[in-house]
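Following: one structure in structure tokens, then a few remarks.
The values are calculated or read from the model by the stated rules, or taken from the named source; none is laboratory data. Please read these numbers as outputs of a predicted model, since none were measured by experiment. When we count neighbours, we look across all protein chains shown, and the Cβ atoms used for this are built from the backbone with ideal geometry, even at glycine.
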Amino acid sequence: MSLTLSRRSFVAAALPAFTAWKLVAAEKHIPIGLELYSVRDELKKDLTGTVDGVAKMGYECVEFFAPYFQWTPDYAKQVRKQLDDLKIRCYSTHNNMESFGAGMEHAMELNNILGTKYIVLASAGKVTGIDGWKQVAETLNKANEKMSASGLHAGYHNHAVEWKPIDGQMPLRVLADNTDKSIMLQLDVGTCVETGNNPVEWINNHPGRIRSLHLKDWSPDKGYRVLFGQGVVPWKEVFAAAESKGGVEYYLIEQEGSDLPEMETVDRCLIAFREIHG
């Protein structure tokens, strides 16, 4: 099935889900969080102060990215205490391939301390051909078996490359079709739209697997520097699909950059989310 982007296809795919979403949204609260890459410069200078700041804005969860892997267990316990004191959660972390190989035990230890559910592969690195993507799927499956023994699951986060067909096959579909259904497919909405694909169709075609989404907007003129809600993504239709079919457990704002300071950027994005999602 084609995932070609058009406003008409967005609406047609989303109408049934939109009605169901109104019912689901009224009964179930989906936490809104922040992928901390959005405030990476501030985080590098002062992790404690930055996490405290985003929690005071009203973010309910955070996602740490690759540098967290260098933490000691003792430092992870300090971070967990701060999260608990602030009454926010860390449901997932972003990881390099190391966490799915030689560093898996360390990643599992840190994630269990933090109380996460998913160890997400943020990038597969350089992959050659469809057979290479099938090998990535096998790596995810093997890691997921080990992680599930300690209450964790693997996840995969897409970028633009996974949407671009190789020999007529889309790498992201290869990953979805060849991985265990307990492995989360974390959808980066912005890259989906930027590459001309339809996030509503993707979500509807993979029920129960889109357990978190990176809410990254995109526009033809400003690219990913546009703030959430100011690009071309039809967010209400995306939310409807995610909550009625996708199995979303939490949302994550992600901002690659903007014309504003990092903390002001993510504050404005959260305000916009509340206005659009309700």
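General observations
- Long-range neighbours under 7 Å by Cβ, at least six apart or interchain, first residue within 16 Å of Y118 (Cα to Cα) within the stretch 78-99, second surrounded by 22 or more Cβ atoms within 10 Å (Cβ to Cβ) and among the acidic types (D, E): C90/E63; S92/E63; T93/E63; H94/E63
Yes/no per residue for (1) at pLDDT 95 or above; (2) touching a strand residue (DSSP E or B) at 6+ places or on another chain (Cβ under 8 Å); (3) farther than 23 Å from D52 by Cβ; (4) surrounded by fewer than 17 Cβ atoms within 10 Å (Cβ to Cβ):
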site	(1), (2), (3), (4)
D84	yes, no, no, yes
I88	yes, yes, no, no
N95	yes, yes, yes, no
H106	yes, no, yes, yes
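- For E201, the conditions (1) surrounded by 22 or more Cβ atoms within 10 Å (Cβ to Cβ); (2) within 21 Å of Y251 (Cβ to Cβ) all hold with the exception of (1).
- For the stretch 138-172, the set of residues classified as among the polar types (S, T, N, Q) and within 16 Å of the chain's Cα centre (by Cα) consists of N158 only.
- Count of the stretch 61-78 residues which are over 19 Å from G155 (Cβ atoms) and part of a loop (DSSP other than H, G, I, E, B): 2
Conditions (1) buried (at least 18 other Cβ atoms within 10 Å of the Cβ); (2) farther than 27 Å from K142 by Cβ; (3) not small (G, A, S), marked per residue:
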position	(1), (2), (3)
P165	no, no, yes
N178	no, no, yes
I183	yes, no, yes
H206	yes, no, yes
V233	yes, yes, yes
F239	yes, yes, yes
C269	yes, yes, yes
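- Of all residue pairs spaced 6 or more apart or on separate chains, those with beta-carbon atoms under 7 Å, a first member in the stretch 212-232 that is over 26 Å from Y91 (Cα atoms) and a second member that is of a type in the set (G, A, S) and part of a loop (DSSP other than H, G, I, E, B) are S219/G231.
- Among (1) at negative phi; (2) in contact (Cβ under 8 Å) with a residue 12 or more places away in the chain, the one test that Y75 misses: (2)
- Answer residue from the stretch 137-163, given it is among the small types (G, A, S) and assigned to a helix (DSSP H, G or I) and is surrounded by the fewest Cβ atoms within 10 Å (Cβ to Cβ) among those: S148
For (1) modelled with pLDDT under 95; (2) of a type in the set (V, I, T), each residue gets a yes or a no:
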| residue | (1), (2) |
| --- | --- |
| R7 | yes, no |
| V11 | yes, yes |
| A17 | yes, no |
| A25 | yes, no |
| E35 | no, no |
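- Residue within the stretch 262-269 that is assigned to a strand (DSSP E or B) and in contact (Cβ under 8 Å) with a residue 60 or more places away in the chain present: no
- Hey, D221 of a type in the set (D, E, K, R) and out of contact with any helix residue (DSSP H, G or I) (no Cβ under 7 Å at 6 or more places or on another chain) or not: yes
- Entirely in the stretch 174-261, the strands (runs of 3 or more DSSP E) that have 1 or more residues that are of a type in the set (F, W, Y) and modelled with pLDDT of 95 or more: 250-253
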